[in-house]
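Peer 1: Quick one: the structure is below, questions incoming.
The values are calculated or read from the model by the stated rules, or taken from the named source; none is laboratory data. Since the model is a prediction, treat every value here as computed from it, not as a measurement. Cβ coordinates were reconstructed from backbone atoms using ideal geometry, including for glycine residues, and neighbour counts include every protein chain displayed. All accessible areas refer to the heavy atoms of the entire protein, side chains included, with ligands and DNA or RNA removed. Shrake-Rupley method; radii C 1.70, N 1.55, O 1.52, S 1.80 Å.
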Amino acid sequence: MNLLIYKTTEELKQDLADYIIKVAEMSIEEKGCFNFVLTGGSSPKALYQYLATTCQHRIEWEKVYFFFGDERNVPSNDENYNGLMAKKALLDPLNIKEDHIFYVNTTLSPEDAATAYKKSIDNHFKGGQIEFDLVLLGMGEDAHTASIFPFTDIVTNQKATVASVYVEKLNTHRISLTAPLINQADHVVFLVFGENKAEALKHVIDDEDKDFKTYPSQLINPTDGKLTWFVDEAATSLLK
């Protein structure tokens, strides 16, 4: 694990963008494409806008395929749909072709949406093992990542797949990559900032006795890939 700490979110954003560009360049050089899993929520919006503007000429975007680590069970035009934020901030400004974007079809039931999403990913990887080049993750105040929330059944899912999960405290279903699928990636990156994340980050990084059900982000530990945390000083205020 590599922990990178920044004084400001602006510095963090720029360095993370450089990291993404470096991985994209390596992936495209090695195999002709870059398979990039996006995270939702509000945290990555500034990063996406930065990639789409300042960095727009630094990646061969026509060779990038975009996926989503999780999705909310809402219509695709709902402001809470992760794909919509990414579409507005990153994908539309870069004129990414629709067949290079893997959205979750939330017109289906959560279970069917998860099955359909896994099938579309399998087709992209031609039935082979799914190894994303880079998975970008956020982390909630409760230490959830993607839609792997504390004390939900997806925490104990041992399959490298896409699953639906009911989140009782939010009274809603979500669709999410499982931890084993995320852990097959070549690069996994956490983007975490703010004092409100300090308590969760302390447990996820410092706790020697892991408690995956309470702190699901502890599950993320790439099998053969690299794990990097991009965090600001406020989020690390409680670390040892």
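Peer 1: Return the FRET efficiency for the residue pair Leu238, Asp99: r is the Cβ-Cβ distance, R0 is 35 Å, and the value is rounded to the nearest 0.05.
Peer 2: With R0 = 35 Å, the Cβ-Cβ based efficiency is 0.20.
Peer 1: Additional query: As a test of the definition: which semi-axes, in Å, follow for the stretch 52-153 when you take the square root of five times each eigenvalue of its alpha carbon gyration tensor? Largest first, please.
Peer 2: 23, 18, 15
Peer 1: What do you get for Rg/Rh over the stretch 159-211 if you use C-alpha atoms and the Kirkwood form of Rh?
Peer 2: 1.02
Peer 1: Hey, another quick one. Short version: ³J(HN,Hα) in whole Hz for each residue of the stretch 153-163, in order, from phi by Karplus 6.51 cos²θ - 1.76 cosθ + 1.60 (θ = phi - 60°), x for Gly and Pro, what are they?
Peer 2: In residue order, the calculated couplings are 5, 5, 4, 9, 6, 8, 8, 7, 8, 10, 10 Hz.
Peer 1: Suppose R0 equals 25 Å; then what is the FRET efficiency for Lys22 and Asp92 from their Cβ-Cβ distance, rounded to the nearest 0.05?
Peer 2: 0.50
Peer 1: How large is ³J(HN,Hα) for each residue in the stretch 107-124, as worked out from phi by the Karplus curve 6.51 cos²θ - 1.76 cosθ + 1.60 (θ = phi - 60°), to whole Hz, x for Gly and Pro?
Peer 2: Going residue by residue, I get 6, 8, 5, x, 5, 5, 5, 5, 4, 5, 5, 4, 5, 5, 5, 4, 4, 5 Hz, with x marking Gly and Pro.
Peer 1: Same structure again: Select from Asn80, Asn95, Asn183 the residue whose mean-square fluctuation is largest in a Gaussian network model of the chain (Cα-Cα springs shorter than 10 Å).
Peer 2: The residue that fluctuates most here is Asn95.
Peer 1: Over the chain, with a Gaussian network built from C-alpha contacts below 10 Å, which listed residue (Lys197, Lys159, Lys31) shows the highest mean-square fluctuation?
Peer 2: Of Lys197, Lys159, Lys31, the most mobile in the Gaussian network model is Lys31.
Peer 1: While we're on this one: Taking a cut-off of 16 Å, what percent of all Cα-Cα pairs in the stretch 174-240 are separated by more than that?
Peer 2: It works out to 52 percent of all Cα pairs.
Peer 1: Within the stretch 41-137, list the trypsin sites (Lys or Arg not before Pro) lying in a DSSP loop whose Cβ has at most 12 other Cβ atoms in a 10 Å radius.
Peer 2: The qualifying sites are Lys97, Lys126.
Peer 1: Choose one answer from Thr223, Thr178, Thr214: the residue with the largest mean-square fluctuation in a GNM of the chain with alpha-carbon springs under 10 Å.
Peer 2: Largest GNM mean-square fluctuation: Thr223.
Peer 1: Which residue, Thr145, Asn95, Tyr65, has the largest displacement toward the positive end of the dipole of the stretch 28-156 when charges sit on each Cβ (Lys, Arg +1; Asp, Glu -1)?
Peer 2: Farthest along the dipole direction, towards plus: Asn95.
Peer 1: While we're on this one: Solvent-accessible area per residue for the stretch 34-88 at a 1.4 Å probe radius, Å²?
Peer 2: Value for the stretch 34-88: 43 Å² per residue.
Peer 1: If I histogram all Cα-Cα distances within the stretch 20-108 using bins 5 Å wide from 0, what percent of pairs lands in each bin?
Peer 2: 3, 15, 25, 27, 18, 9, 4, 1
Peer 1: Hey, how much of the P(r) for the stretch 114-203 falls beyond 19 Å, as a percent of Cα pairs?
Peer 2: Everything past 19 Å amounts to 44 percent.
Peer 1: Here's a follow-up. Can you pull the percent of the stretch 76-128's accessible area that's carbon plus sulfur, 1.4 Å probe, other chains left in place?
Peer 2: The nonpolar share, carbon plus sulfur, comes to 47 percent.
Peer 1: Once you have the Cα-Cα distance between Thr8 and Glu29, take 0.36 nm times their residue separation minus that, and quote the gain in nm to one decimal.
Peer 2: Fully extending the segment from Thr8 to Glu29 adds 4.4 nm.
Peer 1: I'm a student and want to see the number: the projected area of the Cα convex hull of the chain, averaged over all directions, in nm².
Peer 2: Taking a quarter of the hull surface, the average projection is 12.0 nm².
Peer 1: Which three lengths, in whole Å and largest first, does the stretch 82-131 cover when its Cα atoms are put on their principal axes?
Peer 2: Principal-axis extents of the stretch 82-131 (Cα, largest first): 31, 25, 15 Å.
Peer 1: If you put +1 on each Lys and Arg Cβ and -1 on each Asp and Glu Cβ, how big is the dipole of the stretch 92-189 around its Cα centre, in Debye rounded to 20?
Peer 2: Rounded to the nearest 20 debye, it is 180 debye.
Peer 1: Just grab the label-to-label distance for Leu108 and Glu62, each label 7 Å out from Cα along the Cβ direction, in nm (one decimal).
Peer 2: Inter-label distance under the simple model: 3.1 nm.
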